[in-house]
Structures are given as C-alpha cells and as structure tokens.
Amino acid sequence: MGVAERRAREKEARRVQIMDAAKAVFSTKGFSGATIEEIAERAELSPATLYIYFKNKHDLFASLNLRMLRHLVDKVAALEDAPDRTPAGMFRALAETMYEVYEFDPLILINVFQLQASEGLRDLSPEMTERINELSAEALRLIARFFQQGVDEGAFEDHNPIAMADIVWSTFAGLVLWEESKHRFHPEKRFLKPTLLLAMDVLARGVARS
C-alpha cells in the first residue's frame, strides 16, 4: 500500500469516527441540543480537527443524511431480486425493506423527511444540497422501477410508476413521522412495522392485476 492510499484510508476512517460520534450525540441531544464540542469529545478529537472534515454542524448532520440515503438506495435496488413476484409478496418485500431502513437510524431518517423543508439546507454548500437531492431522486426512481417491473411481469395494473412511488414514499414518511409523535405519549410501544405491513397489503390489493 502506497503512502497516498494509506493517508486516504486514514482520512476516511477519521470521517467515519466523527460521523459515528455525531450520530450518538444527535440521538441523545437532538440536532438543536448537540454541539460540535460534544461531538468532538465523543470522538476523542479536538473541535479544530472536526472542522478539517466538516464545515459546521449542519454539514455534519447532512453527511449522516447522505449515509442514510445511500443505504436506502442500496436496499431498494435489491428489491429486483425479491423471490416472491406476486403482488402481496412484492409489497411485503417493499415494506420489509422500508422498515429495515427505518431501523438503520430512525433519527436520521426522520431528518431526511424533514430536511428539504427545514432551515438547515440554507447552511449547506450547494454541492451537499445537490448530493442529497440526487440520492433522494435516485431512491424514488428505483421505487418507480420496482412498480414498472410489476406491470411488465403482469402482477400490477398499469398505473403510472412514478405516481405509485410517490404514494408509497409519502405513506412511509407519514407513518414514520406519526410513529415519532406517538412515542411522546407511549414511548414503550412500536406501531410502525404492523401498520406499514398493513398499508402495503392494502396497496397491493389495490394495484394487483385481476
């Protein structure tokens, strides 16, 4: 391994170290309550070192969003290989995939849903904003392709796949945000997975080709 390659790996490992520390601090303090100093302490680094890798707290939080969106894109892309190609089987695979994405990091997923409507985007670089928008669009494109495959295979009625992707995504986002609001009153209960499975089952019966 050459010197340049080793340095690149060390730099990436340091970025991951910082992002893991940020994820832990954001999870306990929330975005507003977290500080760069607390994240640096958790990462066992100086605040000055963090600023070498991330412009500010918004940039660091957005980087966690990018990691979540990449995970989402990878998981949705794998739906092409779902073995059960019946409408019920395909929608169940979609629901299971979405729930797995939620479990990957609920806090960051909630922020993904809220980010484009938040003040945080104003503090991001144009490059970071573009990357977030591109990955979000890629995730919706893959969901639309999932529906187009169902139509092509004769499993689904011939509905607009982009509209179906929007319906599924908005359903998922709404259920995740509703789950978050319920946690304020019933923190011990988990409603999301059974409700998501039910919602996907209803949609499957609605689009299944007779």
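Do we have residue 92 as touching a helix residue (DSSP H, G or I) at 6+ places or on another chain (Cβ under 7 Å), farther than 30 Å from residue 51 by Cβ and not hydrophobic (A, V, I, L, M, F, W, C) here?
Yes: the conditions hold for residue 92.
Given the options 48, 78, 137, name the one that is surrounded by fewer than 18 Cβ atoms within 10 Å (Cβ to Cβ), assigned to a helix (DSSP H, G or I) and either outside the structural domain of residue 203 (by TED's automatic domain parsing) or hydroxyl-bearing (Ser, Thr, Tyr) (or both).
48
Run down 206, 150 and say which single residue is in a helix (DSSP H, G or I), touching a strand residue (DSSP E or B) at 6+ places or on another chain (Cβ under 6 Å) and not aromatic (Phe, Trp, Tyr).
150
Based on this model, can you work out whether residue 165 counts as within 20 Å of residue 82 (Cα to Cα) and part of a helix (DSSP H, G or I)?
For residue 165, the condition - within 20 Å of residue 82 (Cα to Cα) and part of a helix (DSSP H, G or I) - is met.
Just one of (1) modelled with pLDDT of 85 or more; (2) under 20 Å from the mean Cα position of the chain (by Cα) trips up residue 107, so point out which.
Of (1) modelled with pLDDT of 85 or more; (2) under 20 Å from the mean Cα position of the chain (by Cα), only one is false for residue 107: (1).
Could you say whether any residue in region 141-148 is modelled with pLDDT of 90 or more and touching a His at 6+ places or on another chain (Cβ under 9 Å)?
Yes, the conditions are met somewhere in region 141-148.
Being crowded, with 17+ Cβ neighbours inside 10 Å and farther than 19 Å from residue 124 by Cα is the filter here; which residues of region 1-38 pass it?
21, 25, 38
The values are calculated or read from the model by the stated rules, or taken from the named source; none is laboratory data. This structure is a prediction, so every number in the text was calculated from the model and none was measured. Heads up, the Cβs are rebuilt from the backbone with ideal geometry, glycines too, and the neighbour counts pull from every protein chain shown.
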